[in-house]
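The values are calculated or read from the model by the stated rules, or taken from the named source; none is laboratory data. The model shown is predicted, which means the values in this text are computed figures rather than measured ones. Cβ placement follows ideal geometry from the backbone for every residue including glycine, while neighbour counts extend to all protein chains displayed.
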Amino acid sequence: MKHYKPTSAGRRDGSVIEYKKKLTSTDSNPLKALTKGKRSTGGRNNLGRTTNLYRGGGNKRTYRLVDFKFDKKDIPARVETIEYDPNRNGFIALIVFADGERRYILAPQTLAQHDEVITSVTAKVKVGNRLPLSAIPIGTFIYNLELKPGAGAKIGRAAGNYAEVVAHDGGYTMIKMPSSEIRRVISTCWASVGAVSNEEYRLVDLGKAGRARHMGLRPKTRGSAKNAVDHPHGGGEGRSPRGHRRARTKQGRPTGKGQKTRSPKKYSNVFIVERRKPGRLMGGKR
């Protein structure tokens, strides 16, 4: 990671990831056959109403078609390039299969150009390979985890993230999630071995507001600075306290400080063995 010298107010405290040292291709042109156009929503739904606040603008992005289904099994593939993807914080790898087909996959840490990966029941437990959970030994770090067999990867896809295989029992595998929650997953679900690349992403300091605007993020207004009609924390004379025991969202739901927001009747609650532990990293008390 590169830290800028404070040559100006905008440069002070700013840092960037040195992509030239991590990527094999710094060319911004991906494989055209595996891309499509992506229209920016500006946080609006199909009716044109704002559903996600403080979004809009930013650089135009080309969407890369990343394979999360991994339906091409028992055919080895070789890594051609490790590339940057503007639509996610992890790097992606362009792989070419033995039959000549090319696909993009989410690249794990330590995966390098010319490495070989495979999706197979009999694959070795090696970084980049994909196996069913029943074939992965306890203590192995995994990413791109399925929650339903054949549904595609859903868990462990953000930069630096990984889950851990904790136990196998009765057709289920106990997985320690990135949130520290321990969850039962059907052992016939598939997962990739390793951890997602670009682990330094969470250490980046943007340094100035302009870099956030390039990412499509607009300035955020504190709830306490709004009128009472616009936010539960708003209103009052001067700088008033929020007036509630717990912090709330604009819609009045609990948020932050390690508060539980999960529905007590959610269908998947039966798969949770141990709840996540709110702490310093999760926004709660020490």
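Of the listed requirements (1) closer than 30 Å to M1 by Cβ; (2) of a type in the set (S, T, N, Q); (3) in a loop (DSSP other than H, G, I, E, B); (4) at pLDDT 95 or above, T188 misses just one: (1). Looking across region 92-141, the residues that are basic (K, R) and either touching a residue at least 40 places away in the same chain (Cβ under 8 Å) or surrounded by 15 or more Cβ atoms within 10 Å (Cβ to Cβ) (or both) come down to R102, R103, K126, R130.
Being in contact with a strand residue (DSSP E or B) (Cβ under 9 Å, 6 or more places away or on another chain), of a type in the set (F, W, Y) and farther than 26 Å from I186 by Cα is a condition met by no residue of region 133-143. Residue pairs whose Cβ atoms lie under 6 Å apart, sitting 6 or more positions apart in sequence or on different chains, and linking a residue in region 56-82 that is in contact (Cβ under 8 Å) with a residue 24 or more places away in the chain and more than 24 Å from C189 (Cα to Cα) to a partner that is of a type in the set (A, V, I, L, M) and assigned to a loop (DSSP other than H, G, I, E, B), are G58/M215; I82/L23; I82/A107.
Being of a type outside the set (A, V, I, L, M) and within 12 Å of P137 (Cα to Cα) is the filter here; which residues of region 158-181 pass it? Selection gives E164, H168, T173. Figure legend. Inter-residue proximity from region 209-221: first residues under 14 Å from L53 (Cα atoms) and hydroxyl-bearing (S, T, Y), second residues exposed (fewer than 12 other Cβ atoms within 10 Å of the Cβ) and at pLDDT below 95, beta-carbon distance below 8 Å, spacing 6+ or different chains. No pairs are indicated.
Of the residues making up region 68-80, just one is within 28 Å of V16 (Cα to Cα) and surrounded by 19 or more Cβ atoms within 10 Å (Cβ to Cβ), namely V79.
Being of a type in the set (G, A, S), within 21 Å of the chain's Cα centre (by Cα) and at pLDDT 95 or above is a condition met by at least one residue of region 163-174.
This table checks each residue for (1) basic (K, R); (2) in contact (Cβ under 8 Å) with a residue 60 or more places away in the chain.
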| position | (1), (2) |
| --- | --- |
| G171 | no, no |
| S179 | no, yes |
| R183 | yes, yes |
| I186 | no, no |
| A191 | no, yes |
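Assessment of region 14-37 against the conditions (in contact with a Pro (Cβ under 9 Å, 6 or more places away or on another chain), basic (K, R) and either surrounded by 13 or more Cβ atoms within 10 Å (Cβ to Cβ) or in a loop (DSSP other than H, G, I, E, B) (or both)) yields no matching residue. Contact annotation: residue pairs with Cβ atoms under 9 Å, 6 or more positions apart or on different chains, pairing a residue in region 258-274 that is without any contact (Cβ under 8 Å) to a residue 24 or more places away in the chain with a partner that is surrounded by fewer than 10 Cβ atoms within 10 Å (Cβ to Cβ) and not β-branched (V, I, T), are N269/S263. When you check G58 against the structure, is it under 20 Å from the mean Cα position of the chain (by Cα) and under 30 Å from M1 (Cβ atoms), yes or no? Spelling it out, G58 is indeed under 20 Å from the mean Cα position of the chain (by Cα) and under 30 Å from M1 (Cβ atoms).
In the set S240, S179, only one residue is under 23 Å from the mean Cα position of the chain (by Cα), at pLDDT below 95 and surrounded by fewer than 17 Cβ atoms within 10 Å (Cβ to Cβ); that residue is S179.
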